[in-house]
Number of protein chains: 2
Amino acid sequence: MSRAAAAGLCVIAGSGVLPLHVARAAATAGRPVFVAALSGSADPALFEGLEVEQFGLGQLGGLKQALARRGVVDVVMIGGIVRPGLSDIRPDLGLVRHLPALAGAFRKGDDGLLSAIVAIFEEQGLRVVSALDVAPELAAREPGPLGRVVAEGQARAAIDGGLDLIGALSRFDVGQCVVVEEGRPVAIEGAEGTDAMLARVAEMRRTKRLTREGRGVLIKAPKLGQEMRVDVPTIGPATVRHVADAGLAGIAIRVGQVLVAERAETVRLADQAGVFIEAVP
Amino acid sequence: MSRAAAAGLCVIAGSGVLPLHVARAAATAGRPVFVAALSGSADPALFEGLEVEQFGLGQLGGLKQALARRGVVDVVMIGGIVRPGLSDIRPDLGLVRHLPALAGAFRKGDDGLLSAIVAIFEEQGLRVVSALDVAPELAAREPGPLGRVVAEGQARAAIDGGLDLIGALSRFDVGQCVVVEEGRPVAIEGAEGTDAMLARVAEMRRTKRLTREGRGVLIKAPKLGQEMRVDVPTIGPATVRHVADAGLAGIAIRVGQVLVAERAETVRLADQAGVFIEAVP
């Protein structure tokens with residue numbers, strides 16, 4: 001085992017099962033893992049068998065001490081968290097002096113906020129790493145279909161169009177997700193999130209604003225320069241369910257850059273629904 | 001009266017009151033006006049005092065004859081129409097030979113479909129003109145506020161960001177409308193339409209995904225190369241109501257390029273709600 005593999009890792013866990021998968025991947029690789037479960041987002045009980053402690057959103061000082069005691073430098077942030085208001089954060093003494101920077105970042109949108117959080121962690125001597133570095137096996141590692149359903153000609157054109165559109169959007173602080181159908185973008189993710197965007201496509205299908213089922217594609221890829229350490233695009237079983245409800249043909253994800261949560265279940269559901277999941281270069 | 005001003009005009013009317021305003025503007029300018037009210041979209045009774053006849057979506061031959069009888073060459077298409085399925089169109093003999101072109105265009109999204117319709121009309125020897133050419137007074141004619149509320153510093157930055165984003169989107173067949181708030185795009189219009197997009201912003205406000213009321217701006221402008229003859233961006237009283245419900249500060253429209261339906265009522269509602277409507281260069 002290499003020295004790097006044996007270095008401790010702190011998983012700062014938001015909601016969902018993805019933090020557990022990342023923590024397990026690191027533990028399997030031989031790293032001592034310490035889980036910091038964020039109050040209100042992560043359920044500590046989920047991490048049975050791993051060392052876990054609960055922290056509030058403002059407890060930077062407390063977390064820093066816990067990591068110093070364990071000699072842990074690497075930190076990975078993973079899982080869902082509802083964008084808090086500044087007033088939702090109860091800062092401890094460790095965080096208090098960073099509040100002005102944080103308050104400024106809050107006005108700058110998600111990108112600005114996440115960059116500020118990374119900067120604050122790094123000022124503490126911690127190193128923020130991407131979940132994809134810790135557990136690259138959670139992404140698709142080579143181009144091609146993940147399940148049995150394959151993207152054909154028209155879907156391929158939609159995928160190219162979607163990647164092109166995500167590229168054009170990349171200098172804006174906006175989502176990494178679009179739906180392209182019959183040559184045109186029918187939905188672009190803003191602040192509402194992927195699930196809400198897919199619900200909208202399903203609604204347009206019901207109201208006949210979109211008429212041709214089984215032709216659209218959900219395309220998800222990080223934008224250029226995306227802060228992959230704290231904001232990794234992710235799909236999972238719920239994505240497949242929503243894609244099927246929206247009458248889409250499939251999902252395209254960028255190779256190596258999109259996490260697939262609960263992969264076996266995600267692929268099983270996709271196969272069952274006749275929906276493709278295709279990793280693209 | 002100039003010769004051009006006296007030439008007849010056919011207003012192909014979809015839903016809403018905008019067709020009536022355009023028809024009245026042309027009539028006031030001294031042009032003989034013939035209204036072709038689209039079945040299922042326009043109510044012929046609305047056009048009292050003007051010459052009006054009802055046509056189905058597929059009655060190109062019938063319309064052509066009606067125009068030839070009157071010596072009318074100029075045609076303006078205006079008002080809402082739900083994007084029909086190809087099977088919703090009952091073609092008459094005049095349209096039938098254009099069906100292959102139309103069927104191809106249907107697969108190309110709105111831009112392709114509208115361009116194909118313009119091409120078919122022009123093949124008949126008709127001339128498709130923009131509602132903004134017929135009634136330029138329906139757009140804001142110079143930069144500045146339309147009502148009493150004025151956009152301030154932060155809103156101006158949002159407006160610049162929104163116009164920049166619409167520019168980046170302009171080579172895609174997608175909406176002409178975004179909401180920018182606190183430095184980031186929070187909603188981008190796809191196939192759902194402006195009203196649905198604003199309803200989404202209101203929903204994100206209710207669920208606290210967007211927290212700071214009175215800072216966002218709806219920006220509406222045609223994309224580069226937009227087919228302005230058949231697809232003019234429009235705002236009206238309903239837009240103001242939805243903008244207020246969404247907790248936005250105001251609306252920015254591109255000077256001379258966005259129709260303001262029922263302008264007096266639109267501005268009155270905006271003043272009442274404390275919402276600005278600003279025409280920008």
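Read-outs throughout are calculated quantities, based only on the coordinates presented, and are distinct from any laboratory measurement. Just so it is clear, the model here is predicted, and its values are computed rather than measured. Neighbour counts are summed over all protein chains in view; Cβ atoms, including those assigned to glycine, are modelled from backbone coordinates with ideal geometry.
Summary of values
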item: Two-site label geometry, residue A:265 and residue B:93: point separation in nm, points 7 Å out along Cα→Cβ; result: 6.4 nm
item: Counting DSSP beta bridges with both ends in the protein assembly as shown, the antiparallel % (nearest 5); result: 30 percent
item: Whole-Å distance, taken between Cα centres, linking the stretch A:226-281 and the stretch B:196-224; result: 27 Å
item: Ranking of B:38, B:248, A:210 by count of other Cβ atoms within 10 Å, fewest first; result: B:38, A:210, B:248
item: Segment residue A:213-residue A:119, extension gain: residue separation times 0.36 nm, minus the distance between their alpha carbons; result: 29.3 nm
item: Lysine pairs within the protein assembly as shown, Cα separation less than 20 Å, 8 or more sequence positions apart or different chains; result: 4
item: Nonlocal amide H pairs with residue B:74, under 5 Å, H built at 1.01 Å; result: B:10, B:127
item: Inter-copy separations for residue A:206, label at 7 Å along Cα-Cβ, nm, ascending; result: 1.4
item: 222 nm mean residue ellipticity, helices alone, for the protein assembly as shown (DSSP H n ≥ 4; -39,500 (n - 2.57); rounded to 500); result: -11000 deg cm²/dmol
item: Sparsely packed GluC sites (Glu not before Pro) within the stretch B:1-82, loop by DSSP, other Cβ within 10 Å at most 12; result: B:48
item: Given charges at Cβ of Lys, Arg, Asp, Glu: the protein assembly as shown dipole, positive-most of B:58, B:269, B:135; result: B:135
item: Burial ordering of A:180, B:150, A:149, fewest other beta-carbon atoms within 10 Å first; result: B:150, A:149, A:180
item: Chain A - Kirkwood radius from inverse mean 1/r over Cα pairs (Å); result: 19.7 Å
item: Mean separation of Cα contacts under 8 Å, 6 or more apart, over the residue count of the stretch A:76-218: relative contact order %; result: 17 percent
item: Distance histogram in 5 Å bins (all Cα pairs of the stretch B:156-198, percent per bin); result: 5, 27, 31, 24, 12, 1
item: Among B:66, B:45, B:29, residue whose mean-square fluctuation peaks in a GNM of chain B (springs only between Cα atoms under 10 Å); result: B:45
item: Beta bridge orientation in chain A: antiparallel %, DSSP, nearest 5; result: 30 percent
item: Amide H within-cut-off set for residue B:250, under 5 Å, with H built and near neighbours excluded; result: B:218, B:276
item: Order of A:102, B:198 - criterion: other Cβ atoms within 10 Å of each residue's Cβ, fewest first; result: A:102, B:198
item: Pairwise label distance in nanometres, residue B:224 with residue A:101, each label 7 Å out on the Cα-Cβ vector; result: 3.9 nm
item: 7 Å along Cα→Cβ, label-point gaps from residue A:90 to other copies, nm, shortest first; result: 6.9
item: At q = 0.13, 0.16, 0.17 Å⁻¹, base-10 log of I(q)/I(0) for the stretch B:83-198 (Debye sum, equal scatterers on each alpha carbon); result: -0.76, -0.99, -1.06
item: Rg to Rh quotient for the stretch B:12-136, alpha carbon positions, Kirkwood Rh; result: 0.94
item: Ascending list, in nanometres, of distances separating the residue A:104 label from those of the other copies (7 Å, Cα toward Cβ); result: 5.7
item: Longest site-free stretch - chain B; sites: trypsin sites (Lys or Arg not before Pro), DSSP loop, at most 15 other Cβ within 10 Å; result: B:1-96
item: Reference-scaled alpha-carbon Rg (2.2 N^0.38 Å with N residues) for the protein assembly as shown; result: 1.11
item: Added length on full extension, which subtracts the Cα-Cα distance from 0.36 nm per residue, residue B:68 to residue B:48; result: 4.9 nm
